[in-house]
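Throughout, read-outs are computed from the coordinates displayed, never taken from laboratory work. On a predicted model such as this, the values are computed, not experimentally measured, just so you know. Neighbour counts are summed over all protein chains in view; Cβ atoms, including those assigned to glycine, are modelled from backbone coordinates with ideal geometry.
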Amino acid sequence: MTTLPLGSPGSAGRAAVAALSLALCYGAHGDDDAQPDEITATAVIRSCDSQRRIGRALLRERRSTEAMKIVDIVIDVRRGLTAGKHGVHIHETGACEPCSAAGGHFDPGPYGHSNPDGNHPFHAGELVNLNVDKLSAYEYNSDGQRVGGGTLWTLTTRITLSDGPLSLFDADGSAFIIHANTDTYCPDGEAAGCAGGGRDACGVIVKDVLDDA
Ligand SMILES: [Cu+2]
């Protein structure tokens with residue numbers, strides 16, 4: 001008898017994205033009419049090698065009860081990455097072809113420092129690692145390693161989707177980069193590769209534009 005394995009690629013990810021989609025639809029409505037409308041954005045995650053679509057990301061900006069801007073992020077990758085933890089950051093330019101076009105880290109502060117191996121983990125685009133734990137039964141990369149996907153849930157107050165000095169939607173936009181290796185958070189300061197090394201995947205972040213009622 002053939003059964004689908006628990007944790008087959010993308011199953012948890014689909015649930016995660018579905019849950020956030022519901023939150024995006026219904027999140028701040030109902031309990032507090034004083035809340036400003038939420039702002040949401042999306043990104044299609046594409047392989048740096050092939051530009052094929054391997055996942056997606058959803059972002060939602062909301063306000064804490066103290067009016068702090070919080071951005072919820074879920075990144076759901078379905079295929080193409082090697083097992084283990086991959087560094088994930090928001091990079092400073094909304095371009096992914098090639099992935100180097102995304103530039104350095106998003107770090108717009110007055111002392112901003114976008115060097116990918118510098119000012120780490122202090123830059124504004126810093127996120128937690130994506131753990132790739134759902135490997136395909138049949139897909140391998142060019143090095144013969146099994147590949148698959150995983151889902152990252154996180155939030156940050158280092159960036160905003162709304163206008164302001166931390167907005168991702170500055171003149172040249174912003175993009176996610178998923179790195180080939182783990183982000184060690186560079187405990188010994190600047191060192192080549194400590195922030196995750198090469199670039200495996202990229203996704204330009206696009207603000208959702210809603211039609212008027
Ligand atoms: Cu990076």
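Taking packing as the residue-averaged number of other Cβ atoms within 10 angstrom, the listed peptides 177-188, 51-62, 201-212, 76-87 run from highest to lowest as 76-87, 51-62, 177-188, 201-212. Between Asn115 and Asp143, full extension at 0.36 nm per residue minus the direct alpha carbon distance yields a gain of 7.2 nm.
Pop out the ³J(HN,Hα) list for segment 196-207 in order, Karplus 6.51 cos²θ - 1.76 cosθ + 1.60 with θ = phi - 60°, rounded to Hz; leave Gly and Pro as x. Result, ordered by residue: x, x, x, 10, 9, 8, 8, x, 5, 8, 10, 6 Hz.
Between segment 142-167 and segment 64-130, the C-alpha centres lie 6 angstrom from each other.
Could you tell me which of rounded, prolate or oblate describes segment 43-97, using a ≥ b ≥ c as the square roots of the eigenvalues of the alpha-carbon gyration tensor, with rounded for a/c under 1.5 and, failing that, prolate when a/b is larger than b/c and oblate otherwise?
It comes out prolate by the Cα gyration axes.
I want to make sure I understand the PRE zone here: with the label point 7 angstrom from the Cα of Ala191 toward its beta carbon, which residues in segment 91-131 have backbone N atoms less than 14 Å away? Those under the cut-off are 117-118, 120-121. Sparsely packed loop sites in segment 66-137 (the GluC sites (Glu not before Pro) outside DSSP H, G, I, E and B with at most 16 other Cβ atoms within 10 Å) comprise Glu66. Potential lengthening of the chain between Gln51 and Asp163 amounts to 37.3 nm, from the contour at 0.36 nm per residue minus the alpha-carbon distance.
Straight-line cross-link reach from Lys207 at under 27 Å between alpha-carbon atoms covers these lysines, not counting any fewer than eight positions away in the same chain: Lys69.
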